[in-house]
Amino acid sequence: MTKNTDTTHASCSDHTLAEQLETALAAQARAEAARDSLLDGIESALEGFVLYDADDRMVAFNSRFEELFSPRVAIGMRFEDLIRSAVEQGLAPVGELGVEEWVARRMERHRNPGPPFKLRLNNGTWIRISEGRTRDGGLVGAYTDITELEEQREHLEELVKATEAATARAEAAQRQLLDAIESSLEGFALYDASDRLVVYNSRYRDFFSGPERAVLPAEPFAVETPGAPFELVIRTFAESGLSSLDGQTVDEWIAQRLERHRNPRGPFNLKHQDGTTIRVSERKTSDGGTICVYSDITELEEHRHRLEELVAKRTAKLEQRTQQLRKSREELERARDAAEQASIAKSEFLANMSHEIRTPMNGVIGIAELLEGTELSDQQRRYVSIILHSADTLMDLINDILDFSKIEAGRLELETIPFMLRDTLGDTLQTLAKRAADKGLELACHIPPEVPDHLMGDPTRLRQIIINLVGNAIKFTENGEVVVDVTLVGQGDQGARLQFDVRDTGIGIPDAQQERIFEAFAQADTSTTRQYGGTGLGLAIAAQLAERMGGPMQLDSKPGVGSVFTFAADFGLRRRKGRRARCARQNCAGDVHWWSTITPPIARSSRKLS
Ligand code: ADP
């Protein structure tokens, strides 16, 4: 029985055990399932997860954690080994601390977990580490990759810094601008698009402040809060009696001022009652606001008024003077016209008189020459000779006066007839040869072959010029020579320009007299007249003739050395039958240098130079 009982008891306890075992197995299965789903959950977490037991050995970790420290992570590994392995891999941000110090600090933190902290691994990954104790003395750690977040944070920080710097700069610039505006000598104000005062300087306020009242508040810069509307500012100003209003009512004045302000057309002036003049310049800004600049131009205006008065006075004086001048010019013109008339009348009278005198003079000379041919005593012959000489001199003088008065009266006409240059010059110089020979002077003429011989022009007037120049040269030369040089300046189909130089080795002409020498009646000095005689008309006539023929006569002279008179003359060219036609004179061929020493008719010599 006992046995039975025992058996019963045994089978009963077996049954209970089996039940218990079953229950335990079921509980284990549930626990394992719960652990597996916990592990699955941990595994699927985005954070790295690790669990250490009370001995600080790794009990569990997920793949994310392994990724962070791979490949050195293993179950049973101690935390210290893990961080040392991270140091070896170069992941741990040891920095300047050194390995041991860094490991010690990390261990300290690990043993006494506090709030979560951030770590930047050397590969650039930012990790947020959160560690906490488990009830059995173990430790659970969660590792979150916050690299992206950190980068965004850094970026945001940079942005904030940049914004702060820009704001500081803008504030500094604004301060500078406000300082500049404030220190400006001009009144300055800015109104916004709705015409409210944004900013203005003290100077601007001064323009609107009378002795009793201030239209604008004392603080000029009201940037933050919109200030008074423009209309109110000007209304207060107009009503204060500070403005002169230009005879308008307050409302009319305000309407006009508002119109100008809204449609700025350029600067204008505002007058204050006290006489101050303000120049107002208004411009629209790009955002529809208005900038107003007020300048005190009272002094300038006063100065301008003074200047205007001065100019008006001067103008009146000038006008008076101009009228006087006009009057005297008219008087002078009348006097000049009268003088010109008188001069023309005088020249005509002289021309007529000279002409009239020449007729009886020719009679005197003719009869004297006839008388010379009759039988006369020596004394009578001397008298007749004197009569002839005096008559010749008188005739020359009359001819000069006649020419001069013709030139003066503009009645001198030049001829254009054919003539041969070398013959003309040869004959002309021949008439002077005796005078040169009497003074022991050599008289010569040089014409190179290229100078054409068959010319069209006025040989009489050319002769007259040459006679005057060579005559003077002989007259004012005591030793040496007188030479006439002809050169070709230029030649075309129709004509040629020749230059004539008359050189002497005579007394020369002082510089001071050279300028006036071509004027009528001018002589180098009065002693010349006493010594050599003459009227001072010859050169004036020669210079006028030369001018008519081609160009102004020029003089190059040195006292004591000699003089050179130069003039150019234009001539027409005649067609020649043979290319090398010769001139009539035996010794003046056109194709050789004609160098002729002119001697008086009886003993004449000439030489050719090729
Ligand atoms: P005049 O009949 O008095 O000679 P000109 O008009 O021919 O009148 O000359 C004016 C003056 O020019 C002369 O009186 C002389 O003083 C000066 N003169 C002219 N030619 C020469 C010269 N070749 N050498 C020096 N003086 C000269």
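Values computed for the structure shown
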item: Summed side-chain charge close to residue 550 - residues other than residue 550 whose Cβ falls under 10 Å, Lys, Arg +1, Asp, Glu -1; result: 0
item: Alpha-carbon gyration tensor eigenvalues x 5, square-rooted, for the stretch 234-314, Å; result: 26, 18, 11
item: Net charge, residue 341 excluded, C-beta distance under 15 Å - Lys, Arg +1, Asp, Glu -1; result: -2
item: Computed FRET value (nearest 0.05) for residue 47 with residue 193, which takes r as the C-beta separation and R₀ as 41 Å; result: 0.15
item: Segment residue 57-residue 152, length gained on full extension (0.36 nm per residue, minus Cα span); result: 30.6 nm
item: Ellipsoid equivalent to the stretch 296-440 - semi-axes via the Cα gyration tensor, in Å; result: 67, 21, 15
item: Distance histogram for the stretch 401-522 (every C-alpha pair counted, 10 angstrom bins, percent rounded to whole numbers); result: 11, 37, 36, 16, 0
item: Fewest-first ranking of 553, 107, using other Cβ atoms within 10 Å as the exposure measure; result: 107, 553
item: Neighbour-count order for 297, 234, fewest beta carbons within 10 angstrom listed first; result: 297, 234
item: Unit charges on C-beta of K, R, D, E only; dipole of the stretch 60-191, Debye; result: 740
item: Cα-centred dipole magnitude for the stretch 233-290, charges only on beta-carbon of K, R (+1) and D, E (-1), debye, nearest 20; result: 300
item: Förster radius 45 Å - calculated FRET efficiency between residue 337 and residue 437, Cβ distance, rounded to 0.05; result: 0.30
item: On Cα atoms only, tilt of 99-111 relative to the major axis of the chain in degrees; result: 50
item: Assigned charges on the beta-carbon of Lys, Arg, Asp, Glu; the stretch 386-445 dipole about Cα centre (debye); result: 140
item: Chain lengthening between residue 165 and residue 357 when straightened (0.36 nm per residue, less Cα-Cα); result: 57.7 nm
item: Sequence ranges 264-270, 538-544, 375-381, 420-426, ranked by mean other-Cβ count within 10 angstrom, highest first; result: 538-544, 420-426, 264-270, 375-381
item: Angle between the chain longest axis and helix 230-239 axis [Cα atoms, degrees, rounded to 10]; result: 60
item: 0 to 90° range, to nearest 10: angle between helix 421-438 axis and the chain longest Cα axis; result: 60
item: Theoretical gain in end-to-end length, residue 20 to residue 316 [0.36 nm per residue, Cα-Cα removed]; result: 92.5 nm
item: Computed helical MRE - 222 nm, the chain, DSSP H runs ≥ 4 contributing -39500 (n - 2.57), nearest 500; result: -17000 deg cm²/dmol
item: Debye intensity ratio I(q)/I(0), log10, the chain, q values 0.07, 0.08, 0.12 Å⁻¹ (C-alpha model); result: -0.77, -0.83, -1.24
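Any read-out appearing in this document is the output of simple, stated calculations on the displayed coordinates, not a laboratory observation. Values in this document were obtained by computation on a predicted structure and should not be read as measured data. We place every Cβ from the backbone using ideal geometry, glycine too, and count neighbours over all the protein chains shown.
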